Every structure is written in C-alpha cells, then in structure tokens.
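Below: one structure, written as structure tokens.
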Amino acid sequence: MTNNKNGTLVFSVALNGYQWRYSHCIKSQKRYAKKMGYDYVVITRPLFTSLGVECCWLKLLLLKAALQAGYINVLFVDADAFIQDDCPQIESLLVADKFIYMAHGFSGEINSGVMLVHNTSAAIAWFEQVLDAIETPVAESKGIGWGENGHVAHFAKSTDGFQLISDKWNNTHSKDMADYIRHFNYGPLKNSFFDKMVHKIIFKVSKLLLKCDLNDAQQQGKKLTVVNSKLPALFNRVRRIYPQFSK
C-alpha cells in the first residue's frame, strides 16, 4: 500500500533505448510527481527486451498490479510525453462512476499514451478483460499493426467506466496548444529527422526479433503468440525489480 498522502502513482515504461532518447520527458514526469506529492516510477530495466515495441503491453499489467497494490489513482504516461510545469492535479479529472480516463490522439482514435485509472473492482476487471483478448484482433488496431492501443480503445468504448478527457492532457497534434502533457508520438509533434530514424531502427529490429521468435514458436508447435507467451515473464521480472507494483 502506498504511503503518500494522495495515494497516487505516476509511472512510465522506457525500455530499448527510450530511457535515453526521452530522458527530458522522464525528468518532467518526475518533477510533476514530486510537485504534487505523488509516487513516481520509471521502468528502465531490463535495458533491453526481445519483445521490442510490443513491450508496450507491459503497462497494462503494471496498471492492474498498481491498483492491486493499493494505489487509489494511477497515471501512466508514455516515455515520450512531456508534462508541463502548470499541469494540474490529476484529481481534477475524476468524475463519479468513471474509472478510466483518456483523450483522443492525432489519429482521431483514443490514445493510450496517457491513461488515468481510478481504483475500483470494475477497473481491475476491465484490465483483465483487455489482457485476456491479446490474441483476438480488434477493428481499432487497423493501421497500427502492433501494440495495445487498439485493444485499449476498443474496450474503453464498450464500458460505462470510460471518461473522454481534453486532449490538453495528451496533446499529440498541436505545437501551439496550451497543453498539460505534450506527447511526441507519431504525428506533427514527431517530425525531426533524428526521431524518425531512431524509431525506424527500433521498429525494424523489433519486427526482426518478433519474426524470429514466431518462427521458433511455429517450429515448436506453440499456439500462443510471442507477446502472450513472453509478456508474463517480463512482467514478473519487472515486479521483482520494482516492488511498488507488488502487494
């Protein structure tokens, strides 16, 4: 159980080079948490995982674990999201009977790069539902081709516990917006040549690793996807390193 006065955790996952490329964003997240009196954790170990970009599924397991560990509110922020100095307390977003809060991204779809979760039994059950569907394709994943965002958007739309929030809390499209969190994911805010090259390399290496793992799995007659078979091991390893996610 958390000991901070707000019962709130802010965390990010920054593996496979993201911990270095977006160190300035991570510093902003730390400053925000300290200012508000929240706990803060950034997952930077293991330094590398063969899940590649698919390690983004890890945040769902960690969100669920943080709720089970006793946090009242949990804010997940992608490693490439910068929290502004004037960002309000997350408690200002809370609405009765709602447990998950997200904004629309540049694509027009719900973006899971910033997720606020209020601890209820329904919230934990919701994460279990999403994770149980890892191997089930959803329409919202079309055009993405990887990661958890499509599943999160799909299941958010079907629950009364979802609250859509202002994109000031997850600005992925406007350089001129007076935002609270500026998220440098794919879109107008990620347009530097360096960023594009870094992400092309990360994605190509990730796809190669996943392809090799899929070939190995097929040769061994395994039915599970690589993500579904490797994710629990990564999660257990992270929980040993970061006890904040354990009861």
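Over 29 Å apart: what share of the alpha carbon pairs of the chain falls there, rounded to a whole percent?
Above the 29 Å cut-off, the chain has 25 percent of its Cα pairs.
Per residue, how many Å² of accessible area does the chain show with a 1.4 Å probe?
On a per-residue basis, 48 Å².
Calculate the FRET efficiency for Glu91 and Lys200 from the Cβ-Cβ distance with a Förster distance of 45 Å, rounded to the nearest 0.05.
Once rounded, the FRET efficiency stands at 0.70.
In whole percent, how big is the carbon plus sulfur part of the accessible area of region 38-191, probe 1.4 Å, protein atoms only?
C and S fraction of accessible area: 52 percent.
For region 1-67, which trypsin sites (Lys or Arg not before Pro) are in a loop by DSSP, counting at most 16 other Cβ atoms within 10 Å?
Qualifying residues, ordered by number: Lys5.
Could you work out how much longer the chain between Arg239 and Thr159 gets when fully extended? Use 0.36 nm per residue separation minus the Cα distance between them, nm to one decimal.
Between Arg239 and Thr159, full extension yields 26.0 nm more.
How high is the relative contact order of region 8-245? Use alpha-carbon pairs under 8 Å, at least six apart in sequence, and give a whole percent.
24 percent
I need the phi-derived Karplus couplings for region 176-181: 6.51 cos²θ - 1.76 cosθ + 1.60, θ = phi - 60°, integer Hz, Gly and Pro marked x.
Listing the rounded values in order: 9, 5, 7, 8, 9, 10 Hz.
I need the semi-axes of the equivalent ellipsoid of region 1-100: take the C-alpha gyration tensor, multiply each eigenvalue by 5, square-root it, list largest first in whole angstrom.
Equivalent ellipsoid of region 1-100: 23, 17, 12 Å, largest first.
For the cross-link pairs Lys157/Lys204; Lys35/Lys200; Lys27/Lys175; Lys34/Lys64; Lys168/Lys200, which exceed 26 Å when the distance is taken from alpha carbon to alpha carbon?
Correct reply: Lys157/Lys204; Lys35/Lys200; Lys168/Lys200.
The values are calculated or read from the model by the stated rules, or taken from the named source; none is laboratory data. Being a predicted model, the structure only gives us computed values, none of them experimental. Heads up, the Cβs are rebuilt from the backbone with ideal geometry, glycines too, and the neighbour counts pull from every protein chain shown. Just so you know, the surface numbers come from the protein's heavy atoms only, side chains and all, with ligands and any DNA or RNA stripped out. Shrake-Rupley method; radii C 1.70, N 1.55, O 1.52, S 1.80 Å.
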